[in-house]
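See structure below.
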Amino acid sequence: MTKQQFGMLGMAVMGRNLALNILDHGFSVAAYNRGPEPLARAVRESGGRLVPKPTLEGLVGALERPRKIMMMIKAGAPVDTVLGLLKPLLEPGDIVIDGGNSLFSDTRRRERDYAEAGLRFFGVGVSGGEEGARHGPSLMPGGDAQGYQGLQPIFEAIAAKTESGPCVTHVGPDGAGHFVKMVHNGIEYADMQFIAEAYDVLARVGGLAPPALADVFAAWNQGPLESFLIEITAQIFSVRDATTGAALIDQVLDKAGQKGTGRWTAQTALDLGVPIPCIAAAIDARVLSSMKSERVAASTVLSGPSAQPQAGSELVAKVHDALLAAKVVAYAQGMDLIDAASREYGWGIQLGEMARIWKGGCIIRARLLDAIMKAYQRSPGLPNLLLDAELGGIVGQHQAALREVVGLGQQHGIPVAGLASSVSYYDSYRTANLPQNLTQAQRDAFGAHTYRRKDAPEGPAVHSAWLG
């Protein structure tokens, strides 16, 4: 019996669409799902090309060696359960791939466990949603370099394509792929928060209604802000409610959810000592949005300034420039975090390659990524994107607009924590002398934590009797 080239485990939307994508590129696929109906649907949609297997044993037995099995299932305990069931069925050299949003430290643990049995385990970040999975995602594989050679032809075939090539590369060993996907999602959180704040300022200060906002964002998508998120934002503002005929966006409850990758990004950044205030502000904003009933009650007792309308076209230009500058700052923070983790875990991640594979297929795909990719080509060891002449120049050129929009938000009582955090990060990074000399003096005063002197920064730590 002919063996299949690839196995897909999990036939929900993402697994089904990836399987169909692989089939469309000429590779044979066998598939398994715990419940029969999703598997049957996938077979129907494939036109009978997908080979269904009712058991894990059947799936493993249907594949050519070394086997390549991709799991698209819920992250967490289900992944460990399935890995445990698969392990005794596999043979040395076989590859199992986790394509879900797993925590990178779990991926590192699972990779070690499988390696001890002579098996290969890959954690692969998959971005682009169901549409990307079907027609071309951005893929971020982490695992054994030699094992990746067997996956490379399939992954390069199904990935999104740009003028810079397929949106996939071998990110690095063990958890590198899932780490990069986690940070991708963190940058996504920040970008979405910036856009939400831009919308709020344009609507409440500029008085722009959804139809006008749709035109603004559509125009922005033709320039340096061109991106998937700006594109869909323009489309969202143009959709009308089938019941009322009014803009559907005005019927959406202001409570934003999250699946955990943003929170993981912030927690990991704290562990690694990397500041990512834009991402942290975006997470805080979602948490605050979930406190709807409490906010409604507070709005009746807490006062603030009233919004004073401003001229539309001038305000639109300022918000555009503020948004562009903030985006550069958020990418600088995300790339800094990836670089810190790469050094901590010995992954050897090429930051320019991360920008390249994000240019297509993924949620944060944007024109700006081309400039980021080129920045790392010019200077592979660039310590921070803000130090690149082009990218730092964008922030420098538009910082006045960013500061003004943040000021407008604060003057009108409109929360702009994301945009404000980008200004604070920029100012902190460009400041030679920060006031934390006082912080350190306080620590030494109340806890004898010592400090170093400016005239001997590399000298011994000293303690002073601050309080007599």
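List of remarks:
- Breaking point among (1) open to solvent by less than 50 Å² (accessible area, probe 1.4 Å); (2) basic (Lys, Arg); (3) under 30 Å from residue 268 (Cα atoms), for residue 87: (1)
- Remark: pairs (first residue in region 241-257, without any contact (Cβ under 8 Å) to a residue 24 or more places away in the chain and closer than 24 Å to residue 192 by Cα; second residue aromatic (Phe, Trp, Tyr) and assigned to a loop (DSSP other than H, G, I, E, B); Cβ separation under 7 Å; 6+ apart in sequence or on different chains) are absent.
- Scanning region 210-239 for residues that are over 22 Å from residue 419 (Cβ atoms) and surrounded by fewer than 14 Cβ atoms within 10 Å (Cβ to Cβ), we see that the one that is farthest from the chain's Cα centre (by Cα) is 211.
- Residue in region 159-175 that is of a type in the set (Asp, Glu), surrounded by fewer than 17 Cβ atoms within 10 Å (Cβ to Cβ) and farther than 30 Å from residue 22 by Cα present: no
- Every residue from region 273-306 that is open to solvent by less than 40 Å² (accessible area, probe 1.4 Å) and either in contact with a helix residue (DSSP H, G or I) (Cβ under 6 Å, 6 or more places away or on another chain) or of a type outside the set (A, V, I, L, M, F, W, C) (or both): 274, 276, 278, 279, 280, 281, 282, 283, 285, 286, 289
- Within region 38-75, considering residues that are of a type outside the set (A, V, I, L, M, F, W, C) and within 32 Å of the chain's Cα centre (by Cα), the one most open to solvent (accessible area, probe 1.4 Å): 74
- For beta carbons closer than 7 Å, sequence separation of 6+ or different chains, a first residue in region 2-27 that is free of Cβ contacts under 8 Å to residues at least 40 places away in the same chain and surrounded by 24 or more Cβ atoms within 10 Å (Cβ to Cβ) and a second that is of a type in the set (Val, Ile, Thr) and not in a helix (DSSP H, G or I), the qualifying pairs are 19/29.
- Candidate set from region 122-149 (those that are under 20 Å from the mean Cα position of the chain (by Cα) and assigned to a loop (DSSP other than H, G, I, E, B)); member that is surrounded by the fewest Cβ atoms within 10 Å (Cβ to Cβ): 136
- Count of region 241-272 residues which are hydroxyl-bearing (Ser, Thr, Tyr), surrounded by 17 or more Cβ atoms within 10 Å (Cβ to Cβ) and more than 22 Å from the chain's Cα centre (by Cα): 0
The values are calculated or read from the model by the stated rules, or taken from the named source; none is laboratory data. On a predicted model such as this, the values are computed, not experimentally measured, just so you know. Cβ atoms come from the backbone with ideal geometry, glycine included; neighbour counts cover every protein chain shown. In case anyone asks, the SASA skips ligands and DNA or RNA and just uses the protein heavy atoms, side chains included. Shrake-Rupley method; radii C 1.70, N 1.55, O 1.52, S 1.80 Å.
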